[in-house]
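Asker: So that we are looking at the same thing, I have put the structure below in structure tokens.
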Amino acid sequence: MYPEPISAVALFEPGQEIIYSIEEAARIAQIPRRLIAVYFRSGLVSPAAEPDNAGWYFDDEAIRTLRQIERLRNSLGMNLTAIKLVLELTHEVERLRQELRFLRRR
């Protein structure tokens, strides 16, 4: 007679192919658009496509990177050179972890 009660709430997770305009990326990451351009020119973040051809669009990974850059810059006072090194080392550690997981499964 009555509808079944909802026992759990599904969490929203964006799809893998979602891209955001630079305006949306700036809003989500809570940083000015000009800083996104500075980070791009410094080699810290990459748009989803070449900006000259497709415009400034960013995926979820780029949004996470922008947030990480801001955290390193604001909380730890790192300059762009230090941030670039930290990001490179973080990516290398993740690559090595994936390789280790793969080797353990063999």
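Asker: Rank by packing, highest mean first: peptides 80-86, 40-46, with packing defined as the count of other Cβ atoms within 10 Å averaged across residues.
Answerer: Top of the packing list down: 40-46, 80-86.
Asker: A further question on this structure: Around VAL38, with a cut-off of 13 angstrom between Cβ atoms, what is the net charge of the other residues, counting Lys and Arg +1 and Asp and Glu -1?
Answerer: It works out to a net charge of +4.
Asker: Would you kindly state how much longer the chain becomes between GLU61 and ARG105 on full extension, computed as 0.36 nm times their sequence separation minus their alpha carbon distance, in nm to one decimal?
Answerer: On the way: separation 44, 0.36 × 44 = 15.84 nm, distance 2.64 nm.
Stretched out fully, the GLU61 to ARG105 stretch lengthens by 13.2 nm.
Asker: Rounded to the nearest 0.05, what FRET efficiency do LEU35 and GLU92 have when you use their Cβ-Cβ distance and R0 = 25 Å?
Answerer: With R0 = 25 Å, the Cβ-Cβ based efficiency is 0.50.
Asker: Check which residues have an amide H placed less than 5 Å from ASP59's amide H, if you skip close sequence neighbours.
Answerer: Counting only residues 5 or more places away or on other chains, the set is TYR20, ALA48.
Asker: Okay, moving on. How much length would be gained if the chain were fully extended between ARG71 and GLU23, taking 0.36 nm per residue of separation minus their Cα-Cα distance, in nm to one decimal?
Answerer: 15.3 nm
Asker: If you roll a 1.4 Å probe over the heavy atoms of the protein chains, what accessible area per residue do you get for region 32-106, in Å²?
Answerer: On a per-residue basis, region 32-106 sits at 71 Å².
Asker: Below 15 angstrom from the Cβ of LEU76, what's the summed charge of the other residues (Lys, Arg +1; Asp, Glu -1)?
Answerer: +3
Asker: Let me ask you something else. How do 64-72, 91-99, 17-25 rank on mean C-beta neighbours within 10 Å, highest first?
Answerer: 64-72, 17-25, 91-99
Asker: Compute the signed sum of charges (Lys and Arg +1, Asp and Glu -1) over the other residues within less than 13 Å, Cβ to Cβ, of ARG64. Intermediate values should be presented prior to the final figure.
Answerer: On the way: positive: ARG67, ARG71; negative: ASP59, ASP60, GLU61, GLU70, GLU94.
My count for the surroundings of ARG64 gives -3.
The values are calculated or read from the model by the stated rules, or taken from the named source; none is laboratory data. Remember, predicted model here, so these are calculated numbers, not experimental data. In this analysis, Cβ positions are derived from the backbone assuming ideal geometry, glycine residues included, and neighbour counts consider all displayed protein chains. Surface accessibility is based on the protein's heavy atoms, side chains included, excluding ligands, DNA and RNA. Shrake-Rupley method; radii C 1.70, N 1.55, O 1.52, S 1.80 Å.
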